[in-house]
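The block underneath contains the structure these notes are about, expressed in structure tokens.
The values are calculated or read from the model by the stated rules, or taken from the named source; none is laboratory data. For clarity, every value in this text was computed on a predicted model and none was experimentally measured. Every residue, glycine among them, receives a Cβ derived from its backbone with ideal geometry; neighbour counts consider all protein chains shown.
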Amino acid sequence: MKKDNKTDQNTDIRTPFSEFVRKFKKQKTAVAASIVLLLIVLIAIFADFVAQYGINDYNYSEMLQGPSAKHLFGTDEFGRDIFSRIVYGARISLAIGFGAVSLAAILGAILGLISGYYGGIVDSIIMRVCDVLFAFPGLILAIAIVAILGPGLYNVVIAVIVFRTPTFARLVRGTTLQMKDSVYVQAARSLGASDARLLFTHILPSALPSVIVQYSISIGGSIMTAASLSFLGMGAAPPTPEWGLMLSNARTYVFMCWHYAVFPGLAIFLTVLCFNLVGDGLRSALDPKLTD
């Protein structure tokens with residue numbers, strides 16, 4: 001009987017991570033999306049081994065060929081293999097998504113912590129700047145920034161950082177306002193903890209669940225923004241195998257070669273959809289109100 005009680009006690013002990021995993025596993029759609037995303041990431045990492053051809057292997061004798069055993073997704077107007085270009089394009093899209101959103105999350109978290117913790121004129125300045133940026137639709141703001149800085153992938157990354165940062169700043173600020181007067185923060189302050197320690201050790205962890213959810217969703221949106229800018233001729237420049245640029249090039253041939261536009265479009269759709277589904281699953285798994 002004692003052995004059974006000991007077993008029951010062990011099974012009842014749950015760490016925050018194990019609880020998160022347990023809840024996330026119940027989100028079947030999110031789990032499936034995570035598997036697909038992992039596959040996309042692996043394809044991007046090992047693109048040199050997955051792609052059958054180089055990104056600029058021209059073959060004018062096979063221009064605008066349909067899908068076949070030799071060219072899984074067909075060829076473009078220069079005879080280049082579309083499958084290989086999509087595979088290499090995954091590197092660019094994921095790099096923009098992860099890189100830009102990571103920098104935006106770090107910058108936004110710092111600004112949110114400073115704004116919520118110190119308040120006053122500092123809070124007013126940061127929040128008014130965020131309000132100005134929120135007044136513009138994300139894509140319109142990105143277009144304006146790239147129009148000022150000039151076309152190019154690096155400027156696209158800057159544009160994504162600028163219009164994603166206010167979202168993270170507001171999330172972290174809200175949590176900071178709630179937590180800065182909590183009992184354990186006051187106790188740490190009374191023991192001589194520095195402001196930096198209070199912000200990054202005691203307050204920031206409370207904001208991480210919301211930041212993680214927003215981070216996942218923002219990556220998908222950033223990939224879409226980068227593709228949209230490239231489609232408009234303000235992002236990647238030829239012959240870069242960027243998905244949005246490939247769609248732009250396919251416009252001329254959309255009624256002649258359906259495959260040219262369909263496969264890059266599907267790559268964007270599937271990647272963005274998976275990030276959004278994973279974000280929804282993370283929201284459900286990290287929500288403390290859901291105990292089942």
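I'm trying to understand the selection: among the residues of the range 118-140, which are over 20 Å from ILE106 (Cβ atoms), assigned to a helix (DSSP H, G or I) and under 20 Å from the mean Cα position of the chain (by Cα)?
LEU139, ILE140
Among PRO264, PRO241, which is in a loop (DSSP other than H, G, I, E, B) and modelled with pLDDT of 90 or more? Show your work before the answer.
Details: PRO264 fails: in a loop (DSSP other than H, G, I, E, B).
From the options PRO264, PRO241, the qualifying one is PRO241.
Name the single residue, out of those in the range 155-202 being assigned to a helix (DSSP H, G or I), farther than 16 Å from MET127 by Cβ and among the hydroxyl-bearing types (Ser, Thr, Tyr), that is nearest to the chain's Cα centre (by Cα).
THR201
Quick one: is LEU111 touching a residue at least 24 places away in the same chain (Cβ under 8 Å), part of a helix (DSSP H, G or I) and touching a Lys or Arg at 6+ places or on another chain (Cβ under 9 Å)?
Values: touching a residue at least 24 places away in the same chain (Cβ under 8 Å): yes; part of a helix (DSSP H, G or I): yes; touching a Lys or Arg at 6+ places or on another chain (Cβ under 9 Å): yes.
In short, yes.
What pairs come up if the first residue lies in the range 271-283 and is closer than 10 Å to ALA32 by Cβ, the second is among the aromatic types (Phe, Trp, Tyr) and not in a helix (DSSP H, G or I), and their beta carbons are under 6 Å apart, counting only those six or more places apart or on different chains?
Close Cβ pairs (under 6 Å, with a partner that is among the aromatic types (Phe, Trp, Tyr) and not in a helix (DSSP H, G or I)) do not exist here.
Any idea how many residues of the range 247-265 are closer than 15 Å to PRO67 by Cβ, of a type in the set (A, V, I, L, M) and touching a Pro at 6+ places or on another chain (Cβ under 6 Å)?
Number of matching residues: 0.
Output the residues belonging to the range 141-154 that are under 17 Å from the mean Cα position of the chain (by Cα) and without any contact (Cβ under 8 Å) to a residue 24 or more places away in the chain.
TYR154
With respect to ARG283, determine if the residue is surrounded by 15 or more Cβ atoms within 10 Å (Cβ to Cβ) and within 24 Å of the chain's Cα centre (by Cα).
Yes: the conditions hold for ARG283.
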